[in-house]
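In what follows, a single structure is set out as structure tokens and then discussed.
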Amino acid sequence: MTEDIEKMSFNTSVSQFMIAVNELAALKCTKRAVLEPLTVALAPFAPHIAEELWSLLGHTASVTGAQWPQWDAQHLVEDNFSYPISFNGKTRLQLEFPIALSKEEVEAAVLANPEVQSRLEGKAPKKVIVVPKRIVNIVV
Amino acid sequence: MAYEHKRIEEKWRKHWKDAKTYRVENDTAKPKYYVLDMFPYPSGAGLHVGHPLGYIASDIVARYKRHSGFNVLHPMGYDSFGLPAEQYAIQTGQHPAKTTEVNIARYREQLDRIGFSFDWSREVRTSDPAYYKWTQWIFLQLFESWYDHAAQKARPIQELVERFEKHGWTGDDDSAITGNEELDPLTQFSHSDWATFSEKHQQQILLRFRLAYLSEAWVNWCPALGTVLANDEVKDGVSERGGHPVERKRMPQWSMRITAYAQRLLDGLNDVDWSESIKEAQRNWIGRSEGALIRFPMAERSEAIEVFTTRPDTIFGVSFVTLAPEHELIEKITPAENRAEVMAYVTQAKNRSERERLTDVKKVSGVFTGAYVKHPFTHLDIPVWVGDYVLGGYGTGAVMAVPAGDQRDWNFATHFKIPFVAVTENWDISTGADESKEATLTNSVFLNGLKVADAIPRAIDELEAKGVGERRINFRLRDAAFGRQRYWGEPIPIYYKDGVPYGVAEGDLPVVLPEVDKFLPTEDGEPPLARATNWNYKGLPYETTTMPGWAGSSWYFLRYMDPQNEGRFASPEAINYWQQVDLYVGGSEHATGHLLYFRFWTKFLHDRGWLPFDEPAKKLMNQGMIQGVSAELLRWKPESQTTGTHPGLRTKIYWSYEYYLALLPGSASDQRDLFKRNYEAEVARFNREHPAEAIHDSSARAWMNAWMMSSDTFETSRVLAPIENIIPGSVGTVDVQKAAEALPEFRDAFFFKWDNSFLANRPVEKMSKSKFNVVNPDDIIEKYGADTLRLYEMFLGPIEQSKPWDTNGIEGTSRFLKKFWNLFHLRSPKLPSEGDEGEIFTVTDEAPRSPN
């Protein structure tokens, strides 16, 4: 959002807002810690509704002077990664694993996958290369 | 509570106004951010939905910067002098000040409803005497300055007077560029001459150096508008406003010496974050071409032929030199044995018009003079020809002909079988000339292997080192016409003594616009201000032209910094705090007008020590246009064909003029039925005979529409229908009765229609009252609210693109805001009758995390 405003890419800012509000509505989110910064972020675009909600949230001063929300990197991290699984360099399928898994855990999970097993036709792979958050290559 | 946009928006608009929420002080404890909109001309039509696009974008940035800890200057005002108010005054007698006042009130009302965070306490109006006092003051500074080309800056004219008193003027001083090539050259004088000159004579000389100066000049005179127009206000020989014919006329004319700043206006573009397209438009308008003046010495005489070329890099490709038939050396250099033939050609060629000579490229004509010049580098003999493709009035009237690099030279060489070599790599010279600027040079000694762009400066350096040529820079930019024969503008603070213009004393500013009985020129063609009675400066006559529209807008960004200052245009403290505009938002149509003049005045004020910066705006954003959808009715051309042939039908379908007449409102319905019956019968017959290609009614109609749209049966002149008369949901048609009511002048004209509708084209184009395609933001705000309008305008697409307005799409944005509202509100099962919106404010965590 901040970047979009700096770049004056306002149409994408508005789309981001719409996505966020849809997701929050689906989650039935009523957390002040989420809704308050969201009100500030909407204020430049829709100042009247933002002022009204800001005052309903209990603030007496105008939302105009409220501090711009800082984004928190830990909330922006995706939890899973979809690994391309390749055989001798050719991508054959995609498998999604938590980012938290170690190289060994990813390797084990890949080899346990039925589709990978059927492609191996019962043979042991010569080598399995796991590049975390990038790719898994199986050399047969 | 449900989301009631009306209640909420009214409440907060009042609150912001009462609490002065957007008032900004020059607070040096905080970092500053200056975001400026191009201020509007308050036209009588008010705002349409396209106008606020840029204002909304800048308002978002202003608010975002406030949230981020900046002290934000975000002002608004009015560019309130201008032609429309004056023309309205001529028609109705209503004083333009009155019209302007009413229009401004309307603009303000509309702007306020959109919820902008402008600091209105800083409002400026260019037509306010307290404002134009300073526009006049800046004019006087320009009048009292000259441009020192050696130092590349403007200086006080008094310094020039001192220079003349000590040294006179030698005539070869670069500083003495007089700006207007149509003036007779100024002859040199010594310091003792200067002392003997009368005051009048001295003033006439100084006038040729002033940055604001009066001269006899060729101007663009528009008789219909009764005024002089600047070059950027003339497009294809007609006025940009109104499309009236414009003619060239010689008259005394105030001008601004913007040409003195040509190079700096180019260089400054490298320091600003503006779009490449605006920069390119300014570069082209300034039109710098760097080339060389090269001397080719005569083989057996003392004279030399001078040529100007923009491609000195092709010097090794010169295979001959061509003189214009008007060239003064022809008679001198032509040997006796060639003379009769050469002079016969010259006489014949001179009789052809320049236009003919330039456009008729196929007809090559020329003659060899029998004389030779020496190549400046190779010293080989080069033949001298006369050819009528060279014009006497352009450059030096002579060209160095490089057939391998210039198509006209190639045509000439090929026609007369003059040998030549390629000077660019991998080029087959039998196919034509290689005019590419990307080429690499060959057969060119020290230029071999260089790209054209690098070879040009290298060639000029070598020419200069050998003393056979020098760098020449030409600009396309001309000085800007400044005086207008109009009423509604700033009076030029000049009076005349003994026919010489003098500046009004600073203490006597402003020169207030006088009252006149009519807003028209006088019977003897003097501007409207000549009608003013008892209007003079201490008994001496004032200048009667007024400033152009661009004067007040060339410095307004400075006045916002300190709008109430009566002693200066803005205090040094305010200027030092606010500095340049950080973000400037406005339309790209001002690329070669306002955006150039505003840079010019900033550079000038910088030169004279009033500003610490010399570019007005660091970043420029040009918003696109929001276009409207118009309707153009197709008008029948009675003389055109009355029958059409379906590509599938072997026989013609008859739709004669009579049939169409039958479709006019009020015509006999039986005629109309007859037409339909005939048509349906014809289609039915065809379908019976060609079941595989059967035409269904809808496709027949579609084909008929297409035929009518494409054929020349209908006039191309536009007939525009009011947008509200378009039948909703039936794109391409217009309600017959309503359109006829709205366009009484066309009631008897014959438009094509089908059933009960006129057929119409629906072009997407600029919104304008005259095209009936305007969408008023007030209506949108009434229905959906200002927040929805703001979001929707941003949502329409990238801000810099032009896009059509579509009111239907706004529903989605409106729903989004309701959904946002509902995040904070629980739906109450006890109040089902209140609709499906949230009713009770229900954010759970305890009230404000931080007292704010």
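No lab work stands behind these numbers, since they all come straight from the coordinates. Model, not experiment: these values are computed from the prediction. Cβ coordinates were reconstructed from backbone atoms using ideal geometry, including for glycine residues, and neighbour counts include every protein chain displayed.
For this structure, a couple of remarks:
- Residues B:334, B:431, B:807, ranked from the fewest to the most other C-beta atoms within 10 Å, line up as B:431, B:807, B:334.
- Entries in B:32/B:133; A:7/B:30; B:362/B:417; B:783/B:818 that, when Cα-Cα distance is taken, lie over 19 Å: B:32/B:133; A:7/B:30
- For the peptides B:103-115, A:96-108, residues were scored by their other Cβ atoms within 10 Å and the scores averaged per peptide; the highest-first order is B:103-115, A:96-108.
- Fraction of the pair-distance distribution of segment B:29-89 above 20 Å, Cα-Cα pairs, percent: 41 percent
- P(r) tail fraction, segment A:1-57 - alpha-carbon pairs more than 19 Å apart, %: 31 percent
- Straight-distance candidates among the lysines for linking to residue A:123, with alpha-carbon spacing under 28 Å and chain neighbours fewer than 8 residues away dropped: A:90, A:103, A:133.
- If you take the alpha carbon atoms of segment B:93-133 and fit the smallest convex hull around them, that volume is 67 Å³ per residue.
- Put a plus charge on the Cβ of each Lys and Arg, a minus charge on the Cβ of each Asp and Glu, and nothing anywhere else: the dipole of segment B:289-474 about its Cα centre is then about 280 debye.
- From the C-alpha gyration tensor of segment A:1-109, square roots of 5λ in Å: 40, 16, 12
- Annotation note: GluC sites (Glu not before Pro) in segment B:442-524 located in DSSP loop regions with a Cβ neighbour count of at most 14 within 10 Å are B:515, B:523.
- Paramagnetic label zone (point 7 Å from Cα along Cα-to-C-beta, residue A:119; backbone N under 13 Å) in segment A:89-108: A:89-96
- Computed from backbone phi with θ = phi - 60° and the Karplus coefficients 6.51, -1.76 and 1.60, the 3J(HN,Hα) list for segment B:27-34 is 9, 6, 6, 10, x, 9, 9, 10 Hz; x is used for glycine and proline.
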